[in-house]
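The values are calculated or read from the model by the stated rules, or taken from the named source; none is laboratory data. Note that the coordinates shown come from a computational prediction; the quantities given were computed from them, not determined experimentally. Cβ: placed from backbone, ideal geometry, glycine included. Neighbour counts: every protein chain shown.
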Number of protein chains: 2
Amino acid sequence: MSATDQSIAALVISVDAMGGDEGPAPIVAGLARFLGANSDTHILLHGPKAELEPLVTKKKIGESITFVDAPDVVTMTDKPSHVMRHGKSTSMWSAIDSVRNKEASVCVSCGNTGALMAVSMIRLRKAEGVNRPAIACLWPSRNEAGFNVMLDAGADIRADEEDLLTYALMGASYARNGLGLTKPRVGLLNVGTEEHKGRAELKVAHDMIATAAPRGDFEYVGFVEGGDLPGSRVDVVVTDGFTGNIALKTGEGTANFVSESLRAAFKTTWFSRIAALLAMTSLSRLKKKIDPRRVNGGVFLGLNGTVIKSHGSADATGVAAAIELAAQLGRSGFSDKLAARVASAAVLAQDAQTDSATKD
Amino acid sequence: MSATDQSIAALVISVDAMGGDEGPAPIVAGLARFLGANSDTHILLHGPKAELEPLVTKKKIGESITFVDAPDVVTMTDKPSHVMRHGKSTSMWSAIDSVRNKEASVCVSCGNTGALMAVSMIRLRKAEGVNRPAIACLWPSRNEAGFNVMLDAGADIRADEEDLLTYALMGASYARNGLGLTKPRVGLLNVGTEEHKGRAELKVAHDMIATAAPRGDFEYVGFVEGGDLPGSRVDVVVTDGFTGNIALKTGEGTANFVSESLRAAFKTTWFSRIAALLAMTSLSRLKKKIDPRRVNGGVFLGLNGTVIKSHGSADATGVAAAIELAAQLGRSGFSDKLAARVASAAVLAQDAQTDSATKD
C-alpha cells in the first residue's frame, strides 16, 4: 500500500447528526449519498445513538459509521455563550472534539453558526498567526472551477488590515486545496478598482497583500468590486465579515428572485408551459449550476482543525455536498498546509509594514 | 387652468447631453422617447449646440427643447477635484446650474458620478439638516411597486448614526414621491435581524430611527438582511455608502450571471432552442422585469435640488427611464417636500438621542 493509498484509507470525517432544521434524517440521507461514491471514508457520527441507529440501518451504511453517543442538541436559538458554558454533552461539541483529538480530519455540522464558531474557537483554538478566524464560502462564478471563494462571510463583523492579509493567505490556501487552483488570483473587495478609493484600512491592506503575494504563492489582482464575486477576474475575494455577509445574502436573494421570476414567466401562457417542458433538461442544468445546495459548506478557517458549517435547512443533496467538500479538504491535508501558511502570516505582515514604511 | 394643470405645464427638466459613453446620440434618442409620451414637459438641453441641434432636428423634438450652449465635456476619467476647479464651462455644470437658478425642477446627467456629486454639492449645497448627501437607487423587488429603494448606494463610504437617520427620512420621502407609497416601510441593513447584532453605530441608529418613525410618517421594521433587498418585507433599505455600493454591484453582477447562464442553457440543445422561441414573450416579460435599464437613475438626495445620475452606458431606453423618473419627482414637488422633511431631521435626531438617554 502506497503512502497515498494509506492516507485515503485513513480518511475519517466527524459529522454532527443533530441541529439541522429537519433533525437527523437529511443528515443520514446525505451521508448515504456521499458514502455511495466514497466507501473508503469512515464517519464518526455524533448524536443520540438510539435515535440515529435505526436511520443508519435503514440506509445500510452501518459499516462505514462509528456512533459517538451525545445526548444533547444545540438548537438554532441557543446563544453561543450558553453553549460554551453548558454544551459539553451536545453532539456539536462532541463532533468538534473528534477533530481536536485528531480522531478525524474535518468536522461537518448543520447547527447554529454562532454556537459552532464559539465552540470551535474554544476547543480548537486559533491557529498561530491568526487574530480573527473567518468563514469562507463558495460563490458560483464564470471561472472554470465554477466557483469563487469569498471570505469572511460573517465570522466577525470587523477586520483590520492584518486580518485582511491573513484572509488573503487563508483564502488562497483554501482555493488551492478546495478548488485545485495552483496559483489563485486574490482580490480585495472595495467600492472601486482605483487605488485611491475606499476606507483607510483597505489601502493599507492593499499594500500588505501585494507585498505578501509572491511568498504566499498567489497572484494579487488588487481591488475588485461586487460584480466580480460571480465573475472571472479573480478566484478569491477578501473582505470583512460584515460586508461579506451582506454581499452573500444579497447574492443569494437576487439569484432566488430571478429564479422565482423565471418560474413565474414559464407559467404565464400555454406556449410558455410547453416551452418549459421542452427546455427541462437545459433548465435543470442551469438550476444545478446556480443551485445554492451545491455550494453548501462555509469553511471555518484559522483554527487548529477544519470545521464546515452546512446550511441548517440543507437536504440530502446539500449535506452530501458539504461532506464531499470535507473529504476533499481532508484528503489534501488542508489543515496542516493552512497552519503552515498562516504561521508565517505574522512574519509576512511585519515584512509588509516594514516595506511600506521604507517605501514612504 | 387649474393649479395642477399649471404645475404640469410648467414642468422643466434640465438634461446634460454629454458625458455618456456613447456621446449625445443615446441621450437625444431617450429624450425623443420620453417626449413622445410627455409632450407637456420642456427640456433644457446642455452641451455644444452645434453638435446637438442636428440630432434634435432629426428626432423632430425641437419645439420641446431649449438649447443651453456649453462647449466643454466632463469625461469619465476627470477627477472630481479638477472639475470643481475648472468645470464652469462644462455641460454638467451648466445642467446643475439650471436647477440652482430655479429654471428647472430636476437635473439628469449620464456623466462621471464623482464629478456630478462634487459639482452638485458646491452648486446646490447641502440641504439644512443634512451632513452627508446620499444616492438612492431602485432595486427590482417582490413588492407591488416592483421596486425597493436602497440608500446610500455610494455617495460617501462612511455614515454615522445621524446620517443613517437622515437616510431613513430621505428614503421614506423618495418612496412616497417616486413610488407613490403612502407609508413606506423602512429597514436598516445588518448581518442579522436580532437587536444585539451588528456594529455599534447600527444599534444607536436603530433606536433613533424607531423613535423618528411616527413623525417621519414611515413604518420602521428594524434590521433587515441582504436577502430583503429584492424582498417584500421592506420598501426602503438604509445603509452606509460602502456597504450599499457593494450590495448594489453584487446584486447586478448576480442577476447578469444568472441571465447569462439562462441564455446559455437555451442554446445547448435543439429542444431548448425551440423552447426559447415558444417562451419568447414570457422571457421578454421577465427580462423587462429585471432589466437594469428600467431602474436607471440614482437620485442624489440631501441637496437643495434634485439631481439624477443615469448610467454612463445607458441606451435610449435607460435615458428615457431616468428622465421619466425626473418628471415624476418634478411633478410631485419632491425637492421642496424633501427639504421640509430633512430640515426637521436635526430636531428629530436630537429628540431621539434625548429619548434614548431617558430610556437608559
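Scanning segment A:161-208 for residues that are within 14 Å of chain B (Cβ to nearest Cβ), surrounded by fewer than 20 Cβ atoms within 10 Å (Cβ to Cβ) and not small (Gly, Ala, Ser) gives A:THR193, A:GLU194, A:GLU195, A:HIS196, A:LYS197, A:ARG199, A:GLU201, A:LYS203. Answer with yes or no whether B:ASN245 is assigned by TED's automatic domain parsing to the domain that holds B:GLU144, without any contact (Cβ under 8 Å) to a residue 40 or more places away in the chain and under 30 Å from A:ARG142 (Cβ atoms). When the stated conditions are applied, B:ASN245 does not pass them.
Whenever a residue of segment A:220-241 is closer than 14 Å to A:GLU144 by Cα, its partners that are part of a loop (DSSP other than H, G, I, E, B) and basic (Lys, Arg), lying with C-beta atoms within less than 7 angstrom and at least six residues away or across chains, give the pairs A:PRO230/A:ARG142; A:GLY231/A:ARG142; A:SER232/A:ARG142.
Per-residue answers, yes or no, for (1) surrounded by 22 or more Cβ atoms within 10 Å (Cβ to Cβ); (2) farther than 25 Å from B:ALA155 by Cβ; (3) out of contact with any Pro (no Cβ under 8 Å at 6 or more places or on another chain):
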| residue | (1), (2), (3) |
| --- | --- |
| B:THR239 | yes, no, yes |
| B:THR243 | yes, no, yes |
| B:ILE246 | yes, no, yes |
| B:SER261 | no, yes, yes |
| B:ALA265 | no, yes, yes |
| B:LEU301 | yes, no, no |
| B:GLY305 | yes, no, yes |
| B:LYS309 | yes, no, yes |
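For A:VAL108, the conditions (1) assigned by TED's automatic domain parsing to the domain that holds A:LYS337; (2) assigned to a strand (DSSP E or B) all hold with the exception of (1). Determine whether segment A:22-35 contains at least one residue that is among the acidic types (Asp, Glu), under 22 Å from the mean Cα position of the chain (by Cα) and crowded, with 20+ Cβ neighbours inside 10 Å. No, segment A:22-35 has no match at all. In this structure, is B:GLY154 away from every other protein chain (no Cβ under 14 Å), under 13 Å from the mean Cα position of the chain (by Cα), under 25 Å from A:GLU225 (Cα atoms) and not in a strand (DSSP E or B)? Criteria not met by B:GLY154. When the test is whether a residue is farther than 29 Å from B:ARG331 by Cβ, in contact with a Phe, Trp or Tyr (Cβ under 7 Å, 6 or more places away or on another chain) and of a type outside the set (Lys, Arg), B:ALA210 passes it. If you check A:VAL224, A:VAL149, A:VAL234, A:VAL238 for being closer than 20 Å to A:ALA127 by Cα, of a type in the set (Val, Ile, Thr), in the same structural domain as A:ALA343 (by TED's automatic domain parsing) and modelled with pLDDT of 95 or more, only one passes: A:VAL238. Filtered by the rule that a residue be under 17 Å from the mean Cα position of the chain (by Cα), part of a loop (DSSP other than H, G, I, E, B) and over 16 Å from B:TRP139 (Cβ atoms), segment B:171-188 gives a lone residue, B:GLY180. Taken together, the residues in segment B:211-221 that are over 15 Å from B:MET170 (Cα atoms) and more than 23 Å from the chain's Cα centre (by Cα) amount to 1.
Going through B:ARG199, B:ARG215 one at a time, which residue ends up being farther than 30 Å from A:THR193 by Cα and modelled with pLDDT under 95? One residue alone meets the criteria, B:ARG215. Report yes if A:ALA155 is touching a Gly at 6+ places or on another chain (Cβ under 7 Å) and buried (at least 24 other Cβ atoms within 10 Å of the Cβ), otherwise no. Answer is yes for this residue.
Take B:VAL130 and tell me if it is among the β-branched types (Val, Ile, Thr) and at pLDDT 95 or above. It is false that B:VAL130 is among the β-branched types (Val, Ile, Thr) and at pLDDT 95 or above.
Among the helices (runs of 4 or more DSSP H) lying completely within segment B:228-339, list those that include at least 1 residues that are more than 14 Å from chain A (Cβ to nearest Cβ).
Per the criteria, B:316-331.
How many residues does segment B:37-73 hold that are touching a helix residue (DSSP H, G or I) at 6+ places or on another chain (Cβ under 9 Å) and either basic (Lys, Arg) or over 14 Å from B:VAL108 (Cβ atoms) (or both)?
20
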